[in-house]
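Input: a single structure, listed below in C-alpha cells.
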Amino acid sequence: MKHFVLAVAIFFNPAVFANEQAALSLQQQLSRMPHFHASFEQQVFDMQQQLVQQGEGELWLQQPGKFRFKMELPEPILFVGDGETLWYYHELLEQVSIYDARAELERTPFTLLMSDDASLWQQYRITEHEDGYRIEADDPASPVQYLQLNFSNDQLSRMQVLDLNGQRSIFVFKAVPTDAGFAAGLFQFQPPADVDIDDQR
C-alpha cells in the first residue's frame, strides 16, 4: 500500500512529472548526436559577472563515455576520457594527472552528455526551456551546480556552466561536420616522455 501511495504521489506531482518529461526530451535530443565535434569559444565570469578569461579550443564527444576536450587558449590544456580512464595534461607545467573516469565524471552533470544510465539521470533535476535544458545537481556539494545546454539543428550550440564557487563559463560551439565515429585512439592518451605523472586511480 505504501508503494502505491508513493507512486500516486509522484504521478500527481507536476514537478516530478515535468522533470521526467524534460529528461526524456533531452535524452532524445542527445541520441541524435551520438558523436559530436566542434570548435568553441569560451568566456569565464566571476561572481560579480566580470569577464575574467576568454579561451578557444575543440571538443569531441562520443557515446558512451568518450570525450576529448582540448583548450588551446589562453594555455594548452587537454582532458581525455575513454570511459574508464581520465587524463588531464597541462602542457606548460609538464604534468599529467590520471583519474578513474567514471568516479570523476559521475560527480558532475557532464556525464549525462555521454551516458543513458538511468541511475545517473535520476541524480539530477532537468528542466526544459524554450531554447534548451538546464541540468541541476541534487548534491549541493557538486563541483558543477548547473549545466545549461542549447541546441541548433540537432547539434550542441551553447553550454553554460556554473561551478560551486559561483564562477560561470559560457561555451559557444561551431560544429564540425562528422559523418562517422572517431578513431579509437582519439580517446586515449600516451603521456609524453619526461613529464610528471600523478596517478590517482
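Tell me, yes or no, whether the stretch 152-166 has at least one residue that is of a type in the set (Val, Ile, Thr), surrounded by 12 or more Cβ atoms within 10 Å (Cβ to Cβ) and not in a strand (DSSP E or B).
No: zero hits.
Quick check on ILE126: is it assigned to a strand (DSSP E or B), hydrophobic (A, V, I, L, M, F, W, C) and closer than 27 Å to GLN21 by Cα?
The answer is yes for ILE126.
Is it true that some residue in the stretch 34-47 is assigned to a loop (DSSP other than H, G, I, E, B) and either among the aliphatic types (A, V, I, L, M) or under 16 Å from the mean Cα position of the chain (by Cα) (or both)?
yes
Taking the stretch 65-88 as the search range and keeping residues that are in contact (Cβ under 8 Å) with a residue 40 or more places away in the chain, open to solvent by less than 40 Å² (accessible area, probe 1.4 Å) and assigned to a strand (DSSP E or B), which one is farthest from VAL195 (Cα to Cα)?
Per the criteria, the residue is PHE67.
Look through LEU30, LEU26, LEU59 and report the one residue that is of a type in the set (A, V, I, L, M, F, W, C) and either assigned to a strand (DSSP E or B) or surrounded by fewer than 13 Cβ atoms within 10 Å (Cβ to Cβ) (or both).
Result of the check over LEU30, LEU26, LEU59: LEU59.
Quick check, is THR111 part of a strand (DSSP E or B) and either within 22 Å of ARG168 (Cβ to Cβ) or at pLDDT below 95 (or both)?
Against the criterion (part of a strand (DSSP E or B) and either within 22 Å of ARG168 (Cβ to Cβ) or at pLDDT below 95 (or both)), THR111 does not qualify.
Output the residues belonging to the stretch 171-195 that are of a type in the set (S, T, N, Q) and either surrounded by fewer than 12 Cβ atoms within 10 Å (Cβ to Cβ) or over 29 Å from ASN150 (Cα atoms) (or both).
GLN190
Listed residues ASP100, ASP117; which is in contact with a Lys or Arg (Cβ under 9 Å, 6 or more places away or on another chain), over 17 Å from LEU162 (Cβ atoms) and not hydrophobic (A, V, I, L, M, F, W, C)?
Checking each option against the conditions leaves just ASP100.
Give SER142, SER119 a once-over and let me know the one that is at pLDDT below 90 and either within 26 Å of GLN54 (Cβ to Cβ) or in a strand (DSSP E or B) (or both).
SER142
Answer yes or no: is there a residue in the stretch 54-64 that is of a type outside the set (D, E, K, R), modelled with pLDDT of 95 or more and under 25 Å from ASP196 (Cβ atoms).
Yes, there is a match, as at least one residue in the stretch 54-64 is of a type outside the set (D, E, K, R), modelled with pLDDT of 95 or more and under 25 Å from ASP196 (Cβ atoms).
Just checking, which of VAL44, VAL52 is touching a strand residue (DSSP E or B) at 6+ places or on another chain (Cβ under 6 Å) and open to solvent by less than 20 Å² (accessible area, probe 1.4 Å)?
VAL44
The values are calculated or read from the model by the stated rules, or taken from the named source; none is laboratory data. Given the structure is predicted, the values throughout are model-derived calculations rather than measurements. When we count neighbours, we look across all protein chains shown, and the Cβ atoms used for this are built from the backbone with ideal geometry, even at glycine. Quick note on the areas: whole protein, heavy atoms, side chains included, nothing else; ligands and nucleic acids left out. Shrake-Rupley method; radii C 1.70, N 1.55, O 1.52, S 1.80 Å.
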